[in-house]
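> Please see the structure below; I have some questions.
Every read-out reported here was derived from the displayed coordinates using simple, explicitly stated rules and does not represent laboratory data. Just so it is clear, the structure is predicted and the values come from calculations on it, not from any experiment. Using ideal geometry, Cβ is built from the backbone for each residue, glycine included, and neighbour counts are taken over all protein chains shown.
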Amino acid sequence: MTTTMIDSVTMFRRDLKHALRYPVMTISGIGTAVLFLLLFVGVFGNALGADFLPAGAGRYIDYVAPGVILMAAGTGTAATAIKINQDMLEGIIARLRTMSIARMSVLTGQVIGSLVRTLLSGILVVLVAVALGFRPSATPVEYLAAFGVFAMLTFALTWMAVAFGLATKTVAGANSLTLILQFLPLISSAFLPTDSMPAGVAWFAEHQPYTPIIETLRGLLMGSGIGDSAWWALAWCVVLAAGGFFWSRALYNRPRGA
Amino acid sequence: MSAIEVSGLRKAYGKHTVLDGIDLHVAEGTVYSLLGPNGAGKTTTVEILTTLQAPDAGSVTVAGHDLATDPEGVRRSIGVTGQFSAVDNLLTGAENLQLMADLLHLGKRAGRERVAELLERFDLVDAAGRIATTYSGGMRRRLDLAMTLVGRPRIIFLDEPTTGLDPRSRHTMWQSVRDLVAAGTTIFLTTQYLDEADQLADRIAVLNGGVLVAEGTPAELKRLVPGGHVRLQFSDPARLEHAAVRFADGTRDDEALTLDVPGDGGVGTLRTLLDRLSHERVEPDGLSVHTPDLDDVFLALTAKSPTLYTKDGVR
Ligand SMILES: Nc1ncnc2c1ncn2[C@@H]1O[C@H](COP(=O)(O)OP(=O)(O)OP(=O)(O)O)[C@@H](O)[C@H]1O
Ligand SMILES: [Mg+2]
């Protein structure tokens, strides 16, 4: 193994200890997604399903579950940004930067930790959705691909969250920035088809990153047709991941306070 | 060989010049102390020397490695304890040390042994299994230093290591520094406490207004300010007047009713002074000896208009 990998694993183990000792942030990430699932299925479900879904489009829970599952990738980012920000404020990052270690291992260790935690959260949300009546029609290969889509989005959002954590000067600031990632799905095709929205909103919803990713996941799980969404999904994830990575790297190497 | 070599170091934040051409020379195996008031640029200097910040100009060599071309070599040779404790609050003391050992690739056995040894040495054995949030300020500082030592660095930077510690903890920290130096380590220490520099440092540099206003051994620095004096305390103005006439070289303070007579406070000088007092029938209520210490040096050198202020007030 290269030193980068060894050091990243060391930092990942640290992150794991944190998650076990202080699970509140992980739980609240899962909780937010589950709450949205309950809200849209239980509270608004009947009304929305009847009024906005085209006739014969199936049950509302089957429509909404893929979007909410992807929301779990977004709600997991708060913990990531907060933890990176804390490491910076507490001087941990400065300490590690004066040591002769694989330079980015603090960040990569955190990314691995966030990835593991968020993937588990995603699985949990799927189980809750199934308990509420979600019945995907996917083949094993499609399930695997769906998992890949979720992992890809999580990876991309996590690097953005790392950058947010490094870019902000307070924990509250870091948390606030991630709200964009957490609640962007509200104006996407997650809860309603975009053609049921007012023109301006619909345009935004159709062109923001979550929509093609949601369409891809929904297509894989429910067989609703993917079209070119998969390519857009891939492109967005690559752009977000690369953007987050290079931004993080620049911020990480930046001198104190500059 | 010198451990740290700095010449012409400059650093500005925007228009605010913090370091305006600093030269430092730290010999291996010695304690070098950088003194300065708040905001003088001590932390900035430490951060530049430890690769956290880039200087605007100047050349820096640490442990023979050029900071500009071989920062990784510098990092391999140094240990840093910053101004504010950088310990992981959610890990125990032992885990914090183990994290350092793992990142430095000490190996399983050697790592565990090093952790146990440092816990012992810094009196943290009982607290080893508790998470760091439960530590007192002194314990955190000890853990912080212990973490710095895991990799046995040749040069250690300590930025205000005893600020906020009680006297006992300060002495423990001082002893740790002495032990390290005895083992051949070079220490670069910043402090606002003059007695700390006086106790520990082989050489002291005083940083003020972006430049080093003095540099030398503690003894050399003490020679820089006016000598000591004997303060005579009186109970009424008439007696002060009576004394002031006879001791024309004294400095009187009519409000405090004191007269400062120059003198180094040695036994001989004191005996002469006492003889003269009784001869002139000067009867002070009290007498105190003031020898110049680094506080006088510090205050004189870092005052806005130098020499106006001393520890004893306006002269
Ligand atoms: N990132 C920054 N941006 C702008 N100014 C800064 C920055 N960092 C430090 N300064 C300024 O540089 C000066 C020196 O700061 P520094 O922290 O080095 O002082 P110090 O001697 O360590 O002080 P203290 O004893 O309070 O720790 C201060 O005036 C400070 O406000
Ligand atoms: Mg400082």
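> Would you compute, from DSSP H runs of 4+ residues alone, the mean residue ellipticity of chain B at 222 nm, taking -39500 (n - 2.57) per run and dividing by the full residue count, rounded to the nearest 500?
Using -39500 (n - 2.57) per qualifying helix, the result is -10500 deg cm²/dmol.
> Restricting to bridges with both residues inside chain B, how much of the DSSP beta-bridge set is antiparallel, in percent to the nearest 5?
65 percent
> Something else about it: Under the definition of Cα pairs under 8 Å and six or more residues apart, what whole-number percent is the relative contact order of segment B:1-87?
Computed value for segment B:1-87: 31 percent relative contact order.
> Would you compute, for the Cα atoms of segment B:229-290, the largest minus smallest coordinate along each principal axis and list the three values in descending order, in whole Å?
Per principal axis, max minus min of the Cα coordinates gives 29, 23, 19 Å.
> Measure nothing but the geometry: give the 0 to 90° angle between the long axis through the Cα atoms of B:137-149 and the longest principal axis through the Cα atoms of chain B, rounded to 10°.
60 degrees
> Using a basic spin-label model with each label point 7 Å from the Cα along Cα→Cβ, how many nm lie between B:ASP23 and B:ARG271?
4.6 nm
> While we're here: Could you identify which residue out of A:LEU179, A:LEU70, A:LEU240 has the top mean-square fluctuation in a GNM of chain A using Cα springs shorter than 10 Å?
Fluctuation is largest for A:LEU179.
> Continuing with this model, one more query. Of all beta bridges DSSP finds with both residues in the protein assembly as shown, what is the antiparallel percent, to the nearest 5?
Expressed as a percentage, antiparallel bridges in the protein assembly as shown total about 65.
> Note the count of lysine pairs whose C-alpha atoms are less than 21 angstrom apart in the protein assembly as shown, limited to pairs 8 or more residues apart or on different chains.
Step by step, the pairs that qualify in the protein assembly as shown add up to 9.
> Right, here's the next one. List the residues whose amide H sits under 5 Å from the amide H of B:GLY36, counting only those 5 or more places along or on another chain, with H placed 1.01 Å from N in the peptide plane.
B:THR191, B:LEU207
> Take the alpha-carbon centre of segment B:64-129, take the same for segment B:134-213, and report the distance between them in whole Å.
16 Å
> Would you work out which of A:PHE12, A:MET25, A:PHE134 lies farthest towards the positive end of the dipole of segment A:2-253, given +1 charges on the beta-carbon of Lys and Arg and -1 on that of Asp and Glu, about the Cα centre?
Value: A:PHE12.
> Can you give the mean number of other chain Cβ atoms that lie within 10 Å of the Cβ atoms in peptide A:16-22?
Going residue by residue through A:16-22 and averaging, the value is 3.
> Something else now. Across peptide A:81-87, how many C-beta atoms of other chains are within 10 Å of each residue C-beta, on average?
1
> Relative contact order for chain A: what is it in percent, counting Cα pairs under 8 Å that are at least 6 residues apart?
Reported as a whole number, the value is 26 percent.
> Sticking with this one: Summarise the partner chain shielding of A:96-107 as one whole number: the mean count of Cβ atoms from other chains within 10 Å of each residue's Cβ.
Across the residues of A:96-107, the mean count of other-chain Cβ atoms within 10 Å is 6.
> While we're on this one: What dipole magnitude, in Debye to the nearest 20, does chain A give about its Cα centre under +1 on Lys/Arg Cβ and -1 on Asp/Glu Cβ?
So the magnitude is around 1200 debye.
> Work out how far the C-alpha atoms of segment B:160-243 reach from end to end along every principal axis, then list the three figures in whole Å, largest first.
That works out to 60, 32, 24 Å along the principal axes.
> Check each of the GluC sites (Glu not before Pro) in segment B:236-282 and keep only those in coil by DSSP with at most 15 other C-beta atoms within 10 angstrom; list them in order.
B:GLU255, B:GLU280
> Please give the peptides B:46-53, A:210-217, B:81-88 ranked by average Cβ packing (other Cβ atoms within 10 Å per residue), highest first, as a rough proxy for protection.
Result, highest mean first: A:210-217, B:46-53, B:81-88.
> How tilted is helix B:237-246 with respect to the longest principal axis of chain B? Cα atoms for both, answer in degrees (0 to 90, nearest 10).
90 degrees
> Amide H neighbours of B:VAL80 under 5 Å, counting only residues 5+ apart in sequence or on other chains, H built in-plane at 1.01 Å?
Placed amide hydrogens put B:PHE157 under 5 Å from B:VAL80.
> Still on this structure, I have one more. Counting helices only, and only those DSSP H runs with n ≥ 4, report the 222 nm mean residue ellipticity of chain A as the sum of -39,500 (n - 2.57) divided by its residues, in deg cm²/dmol to the nearest 500.
Result for chain A: -24500 deg cm²/dmol, rounded to the nearest 500.
> Given q = 0.11, 0.12 Å⁻¹, what are the Debye log10 I(q)/I(0) values for the protein assembly as shown, with equal point scatterers placed on the Cα positions and solvent ignored?
One equal scatterer on each Cα of the protein assembly as shown leads to -1.01, -1.11.
> Next question, about the same structure. Normalise the Debye intensity by I(0) for segment A:20-126, one equal point scatterer per Cα, no solvent, then take log10 at q = 0.12, 0.14, 0.15, 0.23 Å⁻¹ and round to two decimals.
Debye curve over Cα of segment A:20-126, log10 I(q)/I(0) at q = 0.12, 0.14, 0.15, 0.23 Å⁻¹: -0.54, -0.65, -0.71, -1.15.
> Quick one: what are the phi-derived ³J(HN,Hα) couplings along segment A:18-24, Karplus 6.51/-1.76/1.60 with θ = phi - 60°, whole Hz, x for glycine and proline?
4, 4, 6, 7, 9, x, 3
> Would you pull out the residues with amide H under 5 Å of B:GLY263's amide H, same chain only if 5 or more places away, H placed 1.01 Å from N?
B:GLY228, B:HIS229, B:VAL230
> Here's another thing I want to ask about it. List the equivalent ellipsoid semi-axes of chain A in whole Å, largest first, each obtained as the square root of 5λ for an eigenvalue λ of the Cα gyration tensor.
34, 18, 17
> Using alpha-carbon pairs under 8 Å, 6+ residues apart, how would you state the relative contact order of segment B:229-290 in percent?
After rounding, I find 50 percent.
> Using θ = phi - 60° and the Karplus relation 6.51 cos²θ - 1.76 cosθ + 1.60, list the HN-Hα couplings for segment A:98-109 in order, rounded to whole Hz, with x at every Gly or Pro.
Ordered by residue, 3J(HN,Hα) equals 8, 9, 8, 10, 4, 4, 8, 4, 4, 6, 5, x Hz.
> What's the exposure ranking of B:THR269, A:THR154, going from fewest to most Cβ atoms within 10 Å?
B:THR269, A:THR154
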